[in-house]
Amino acid sequence: MEVAKVSEFINEKCYHFANFLVDDDLQASQLALDVMQSFLAEAPESLSKIETDALRFEFFKRIYKLASVRRNHFKVDQHLDLSGRAAFFLTYVYQMPLLEVAKITASTEEQILAKVVSVRNSILSEQSKERGL
Amino acid sequence: MENHCVHERTIGSNLLKNSNLSDSLRVHISDCVHCQKKYDLICHENSIIKEEVERYRASIDMKDHLTREVSLQLESYLEEVEKVAKFKKRYSFGSLKENIVSFGKGLTDPISLFILFVIAAFYLIQI
């Protein structure tokens, strides 16, 4: 198991996804570390295959699930559409296949597309408000 | 009523999915005013979104913190694995050595020899 590779994946991918989901850097780092710990407890040898798509899919799935649970627990912004944000990020930023995103967020492919457009539009409208356009 | 081009939708769909445009569509965009307008608008929107998404990346401090935590957890796990492996190896070899020594000691001890003799005698009488 290469510590540097796992560390890079947690830094670059997991934290980025978690932070986009919950919009809180401390909670996001905790989410990423907790998911890694869950892998260490259950299947530590799998971490040596960190570059495989299957493992990455499992990481994102667990981060999304944990964020959904902690959303109520930690009372993060209740207006955040977690499944929409997850769908948008994984589809638009990581360009994950729709079928996989649908599995992660437990939605249909049509719902994913609708969510992606909706989150995209909401980001654009927020940005235009901020920029005073 | 505003005029539209039939390719606008394809351009929009491709750019929304963040996928690349085909060469033929690129040539068309350079010739069509409507498509050019649409293309510029979506590119502008995409750049805004990219900026927004980049905001969620880990800061240098956070990267340091995460790297430290991950290294700490993984190294402690690897140390633990190594310890267990060493212990297992030592335990299996140690117990074998211990048993052989205790068996040897038992043969030299007069009380044990006497007990062994009595048991053997009892067994032989029964036969």
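Name the residue, out of B:Ile49, B:Ile29, that is among the β-branched types (Val, Ile, Thr) and either more than 19 Å from A:Leu90 (Cβ to Cβ) or in contact (Cβ under 8 Å) with a residue 40 or more places away in the chain (or both).
Working: B:Ile49 fails: either more than 19 Å from A:Leu90 (Cβ to Cβ) or in contact (Cβ under 8 Å) with a residue 40 or more places away in the chain (or both).
The match here is B:Ile29.
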Practice prompt. Out of B:Phe93, B:Phe114, B:Phe103, report the one residue that is modelled with pLDDT of 85 or more, away from chain A (no Cβ under 14 Å) and surrounded by fewer than 11 Cβ atoms within 10 Å (Cβ to Cβ).
Written response: B:Phe114
Discussion item. It is to be established whether one or more residues within the range B:64-77 are closer than 30 Å to A:Phe88 by Cβ, among the acidic types (Asp, Glu) and exposed (fewer than 10 other Cβ atoms within 10 Å of the Cβ).
Written reply: no
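Checking the condition of a type in the set (Lys, Arg) and part of a loop (DSSP other than H, G, I, E, B), which residue from B:Arg57, B:Arg26 passes? Outline the logic, then answer.
Details: B:Arg26 fails: part of a loop (DSSP other than H, G, I, E, B).
One residue alone meets the criteria, B:Arg57.
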Practice prompt. Look at the range A:1-28 and say how many of its residues are of a type in the set (Gly, Ala, Ser) and closer than 19 Å to B:Glu75 by Cα.
Written response: 2
Worksheet item: Which residues, counting only those in the range A:1-21, are more than 8 Å from every other protein chain (Cβ to nearest Cβ) and under 9 Å from the mean Cα position of the chain (by Cα)?
Response: A:Lys13, A:Cys14, A:Phe17, A:Ala18, A:Leu21
Worksheet entry | Positions within the range A:36-50 being of a type in the set (A, V, I, L, M) and under 16 Å from A:Lys5 (Cα atoms), in sequence order | A:Met36, A:Leu40, A:Leu47, A:Ile50
Worksheet item: Of all the residues that make up the range A:22-39, how many are surrounded by fewer than 18 Cβ atoms within 10 Å (Cβ to Cβ) and facing chain B (nearest Cβ under 7 Å)?
Response: 2
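The values are calculated or read from the model by the stated rules, or taken from the named source; none is laboratory data. Nothing here was measured: the structure is a model prediction, and the numbers come from that model. Cβ atoms come from the backbone with ideal geometry, glycine included; neighbour counts cover every protein chain shown.
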